[in-house]
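Structure record follows, encoded as structure tokens.
The values are calculated or read from the model by the stated rules, or taken from the named source; none is laboratory data. Only a predicted model underlies this, so the values are computations on that prediction, with no experimental measurement involved. For neighbour counting, all protein chains shown are included, and Cβ atoms are generated from backbone atoms with ideal geometry for every residue, glycine included. Heads up: the accessible areas ignore ligands, DNA and RNA and are worked out on the full protein's heavy atoms, side chains in. Shrake-Rupley method; radii C 1.70, N 1.55, O 1.52, S 1.80 Å.
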Amino acid sequence: MLVVTVTKGYRHQSIAVAERVIEELGQRNGWLVDFARTDEELRAKTTKRGLESYDAVIFANTSGVLPLADREAFLQWIRAGHAFIGIHAASDTFRQGTFPAYIEMLGGEFDAHDAPMSVTLRVEDRSHPATRHLGTQLTVFDEIYRICNFDRSKVHVLLALDIDPVSKVPGYFPLAWNRLYGKGRVFYTALGHHAEVIEADWFRQHLQGGIRWALGQERGASAPQWRGASALIECRGMRAQ
């Protein structure tokens, strides 16, 4: 798998920890892990031919407009049956109309966050490999994103919050989900700002389960739980960086 840690916006101090944790998960699961840490490496490894070397791409706290070699080839590679995994600021990547097809593939876009806080998340799927170790709920202290350009009728939600993390108004706010994209599989978790979160055993299991599902190594539901009409959360603008 290719782990991308290039940033063009905010750069998380926890990126080095994320790289190490993914390498350790790779050793445990028999995954060969490669990295794209510079613009040059990213361009070389995301050409149509370069992507043929990988089964999965992980955006680990990437941000901004990344210099992918071929945007359409990248999305077609996922649609053809490969895996995409996004961690935290992967939804702060290609925002605000810079690559709408990426946001559609991911399933949501970072809108805003407040100061880091302790929240209790509801586990929406207790049998999925990314969440089955968590029980009915998860209490975590992290930077909690409000996600927009999100339609719960198009994704399978794994973790959700009952209150807006910025305005504190009650509602439905997703924090992790998975979905099918063509023949490909997409897993995203908005958690993972702090190094302490990434290093925690529960998060390692969360990430490992998401990756294993995305690679087709473990079964898990992907159908949207929401059966009603489109339920789009619109963007309201970033409040904090």
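Residues that are more than 13 Å from H206 (Cα to Cα), touching a Lys or Arg at 6+ places or on another chain (Cβ under 8 Å) and part of a strand (DSSP E or B): does segment 118-126 have at least one? If you could, list the steps in order and put the result at the bottom.
Going residue by residue through segment 118-126, those that are more than 13 Å from H206 (Cα to Cα) are 118-122, 124.
Narrowing the set further to residues that are touching a Lys or Arg at 6+ places or on another chain (Cβ under 8 Å) leaves none.
No, because not a single residue in segment 118-126 is more than 13 Å from H206 (Cα to Cα), touching a Lys or Arg at 6+ places or on another chain (Cβ under 8 Å) and part of a strand (DSSP E or B).
Every residue, every condition in (1) under 22 Å from Y172 (Cβ atoms); (2) aliphatic (A, V, I, L, M); (3) touching a Phe, Trp or Tyr at 6+ places or on another chain (Cβ under 6 Å), yes or no:
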| residue | (1), (2), (3) |
| --- | --- |
| N29 | no, no, no |
| D34 | no, no, no |
| E40 | no, no, no |
| R43 | no, no, no |
| A56 | no, yes, no |
| I85 | no, yes, yes |
| H88 | yes, no, no |
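Out of I103, I163, report the one residue that is open to solvent by 10 Å² or more (accessible area, probe 1.4 Å), farther than 21 Å from R219 by Cα and at pLDDT below 95. Talk me through it step by step, then tell me what you get.
Working: I103 fails: at pLDDT below 95.
Among I103, I163, only I163 is open to solvent by 10 Å² or more (accessible area, probe 1.4 Å), farther than 21 Å from R219 by Cα and at pLDDT below 95.
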Margin query: Restricting to segment 179-199, name every residue that is open to solvent by 40 Å² or more (accessible area, probe 1.4 Å) and in contact (Cβ under 8 Å) with a residue 60 or more places away in the chain.
Written below: G182, K183, R185, H194, E199
Next item on the list: Could you list, in sequence order, all residues of segment 12-45 that are touching a strand residue (DSSP E or B) at 6+ places or on another chain (Cβ under 6 Å) and surrounded by 20 or more Cβ atoms within 10 Å (Cβ to Cβ)?
Entry: A18, I22, A36, L42, K45
Check: All but one of (1) modelled with pLDDT of 95 or more; (2) part of a loop (DSSP other than H, G, I, E, B) hold for D111; which doesn't?
Finding: (2)
Notebook entry, point to check: Within the set of pairs 6+ apart or on separate chains, which have a first residue in segment 69-92 that is over 15 Å from Y181 (Cα atoms), a second that is surrounded by 15 or more Cβ atoms within 10 Å (Cβ to Cβ) and among the charged types (D, E, K, R), and C-beta atoms under 8 Å apart?
Noted result: A69/R43; A69/K45; H88/E143; S91/E109
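Evaluate the following for V21: is it among the aliphatic types (A, V, I, L, M) and closer than 17 Å to D92 by Cβ?
Numbers: among the aliphatic types (A, V, I, L, M): yes; closer than 17 Å to D92 by Cβ: no.
Judged against the criteria, V21 is not a match.
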Margin query: Can you pull out every residue in segment 200-232 that is surrounded by fewer than 16 Cβ atoms within 10 Å (Cβ to Cβ) and either touching a helix residue (DSSP H, G or I) at 6+ places or on another chain (Cβ under 6 Å) or part of a helix (DSSP H, G or I) (or both)?
Written below: D201, W202
Next item on the list: Go through segment 46-74 and count every residue that is farther than 15 Å from A101 by Cβ, hydroxyl-bearing (S, T, Y) and crowded, with 16+ Cβ neighbours inside 10 Å.
Entry: 3
Next item on the list: Output the number of residues of segment 149-160 satisfying the condition of being buried (at least 20 other Cβ atoms within 10 Å of the Cβ) and in a strand (DSSP E or B).
Entry: 5
